[in-house]
Amino acid sequence: MPEKGQVTFRVLGPLEVTLAGKEIPIPAAKQRILLAALLLKANCPVSMEELFDYIWSGAPPANARGAVQTYVARLRTSLQAPDLIVTRRDGYSIEVPGFALDLHRFRDLVTRAEALTRSGPGTQAALLQQALTLWRGPALANVPSERLRSLATQSLGEERLTAVERRIDAELSLGRHRQMLAELRALTAEHPLHERLWGWLMTALHRSGRHAEALEAFRRLRQVLRDQLGVEPGEDLQRLHQQVLGGEPLMNGDPDSDTSPPAWIAACQLPLGVGTYVGQSELVSEATAQLLHRDVGVVPIVVVGGGPGMGKTAFAVHVAHRVRTAFPDGQWFVRLRTSDGSPRDPVDVLAEMLISAGLDRADIPDGLSARAARLRALLADRSVLLVLDDAFDATQVRCLLPGTTECAVLVTSGTNLWGLAALEDARVLRLEPLRRDEATRLLAGLIGQATHHGVLAEIARLCDDLPLALRLAAANMMGRSPAERARYLAGLRSRDRLSLLAVTGDRAAALRTSFDRTYLALPAPAQRLFRLLALVPDDECTRQGVAALLQVPAHEAEFLLEMLIAAHLVRRQIPDRFHIGPLLRLYARERLAAEELPTVQPAPVASAPLS
């Protein structure tokens, strides 16, 4: 996506501007007025005379033209997109793609609802409800221009009310009379002279069996019209009144019938993000840009890989919160593993996602293909961010993908899922341990800035700069006395470090648990190789050394090494030399002691060729 495409604007309520999911403040009043004026006529020129009128209420100063030019220059800088505001012959225009302005999206949804009369009132009502949820209050409520707000209130308010009327008409035609009563009462109080709204209220009350209240509604309307305008209700309402008096049915069908699809609910399922997120700034920017990118026919997919304890889920949640405003139809968070680390069946995952899309459990089709197709249909033309956490493999993910480019997908996995890169054009990112300065900054933010830098650096080293290990260590030092902290640090220096990188009583908050999930997902031969690597000295090995260690052919040893590399348990340093980190080495020793020793002895391994 071009840089300007990362900027999104909201005018249906207080004026808001976001860049890559982060709000851009526009504190200067006149710059807000200028930006709002351009956005109300986005992609069309706004003359200098119009801008003078909005900014200075028809009384511009002598240097008004130069002042506007200055405001435009400052806005371009704030928006970080110099080409977004374009100079025209006698004014300016702002070039905004449709999805980046809530007003455009509102109008698009209303237009689509009008064009779908053949699909029935259920589809119309859902689209119109989706459009109306974009409103957050009076348009441009925080823009200090009486003339501009008046224009927005008059023109945009009329568009909103028209959409409300069409949705109510569709809802009532579906027999949803009782459900609409509260909203109709509020609307008639807000628009006391709007006869059509009063007619709908009378209809809904009458069809709900509340005939006396329907007659009382007509009496109140007649009194208001007499008092304020000196007129009687129109012929249509007079006729409706007579029908209610005579107890005549106003519509056919069951008043409580509801055969249409439920209105879409823009659900945010994202977990709480961490307030002290540190590091990976380049990858955060890359993931953000990719998720906001739009190419015809291509769904943006980002795969976040990395070893256990690397903070893949925290990274994904952090990025998802940054971009969530670009996906107004919802942000879903789906776990792809069970609590014991087993991969979930995609059939069950699809059922969960279909329920999130508003489908009743009884309406969920059977079978993988049918559920995947139904999900794609429900997500068509919607803008939803899917966060698929802890994927087992590409096959598990593939059937969960939407089919339209307004959605985006963020996947975390202990493997890199290169199959998604090959076939679905996914961008694969690999998380690395934090830099030492980032690790110490994270610790300082969690434990306290008063902690000596040398202590923080040693803790970071003992934690291999892994985000999870760092957070666990910090949790064990928070609120402790200096003597208790010193004892804990001494424990970290010991060989029982893994036991100390845990929160007592919370098995999920333990580095060993994270390692277990990755290790136990491996096939038995790869598990055995990982265990035996604890016997290789100097934290390094070669393919020949591994073949000698396992007493297998070199090609088989290389295959197993690749499995460990894909699981991020081993790293390739140079083409024929491999490395296992200190904490993972401690874990491998634990597994070796528990599962193989004393049958395996280190002496023969030490003589294996290592270079």
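Laboratory data are not the source of any read-out in this text; all were calculated from the coordinates shown. Bear in mind that the values here come from a model prediction, so they are computed numbers and not experimental data. Every residue, glycine as well, gets a Cβ built from its backbone with ideal geometry; the counts of neighbours run over all protein chains shown.
Indicate the gyration tensor shape class of the range 281-427 (rounded, prolate or oblate), computed on the Cα atoms with a ≥ b ≥ c the square roots of the eigenvalues: a/c under 1.5 is rounded; otherwise a/b larger than b/c is prolate and the rest oblate.
oblate
Arrange the following residues from fewest to most other Cβ atoms within 10 Å of their Cβ: 418, 56, 200.
418, 56, 200
What is the range 479-555 by shape, rounded, prolate or oblate, if you read a ≥ b ≥ c off the alpha carbon gyration tensor as root eigenvalues and call it rounded for a/c under 1.5, prolate for a/b larger than b/c, and oblate otherwise?
It comes out oblate by the Cα gyration axes.
Which shape class, rounded, prolate or oblate, goes with the range 103-231 when its Cα gyration tensor gives a ≥ b ≥ c as root eigenvalues, a/c under 1.5 marks rounded, and past that a/b bigger than b/c marks prolate?
Oblate.
Going by how many other Cβ atoms sit within 10 Å of their own, how do 52, 578 line up, fewest first?
Ranked by crowding around the Cβ, least crowded first: 52, 578.
Using a Cα distance threshold of under 23 Å, what count of lysine pairs results for the chain when pairs must be 8 or more residues apart or interchain?
6
For labels at residue 90 and residue 481 in the simple 7 Å Cα→Cβ model, what's the distance in nm?
Once both label points are built, they end up 8.1 nm from each other.
If you take semi-axes √(5λ) of the Cα gyration tensor in Å from the coordinates, which of [x] 44, 29, 23; [y] 58, 31, 22; [z] 68, 35, 24 do you get?
Answer label, from the structure shown: [y].
Bins of 10 Å, beginning at zero and ending with the bin holding the largest distance: percent of Cα pairs per bin for the range 516-569, please.
Final binned percentages: 25, 60, 15.
Quick one: putting +1 on the C-beta of Lys and Arg, -1 on the C-beta of Asp and Glu, what dipole do you get for the chain around its Cα centre, in Debye to the nearest 20?
Using Cβ point charges on Lys, Arg, Asp and Glu, the chain gives about 1280 debye.
Using only Cα atoms, find the angle between the long axis of helix 436-447 and the longest principal axis of the chain, and express it within 0 to 90 degrees, rounded to the nearest 10.
Helix 436-447 and the main axis of the chain meet at about 70 degrees.
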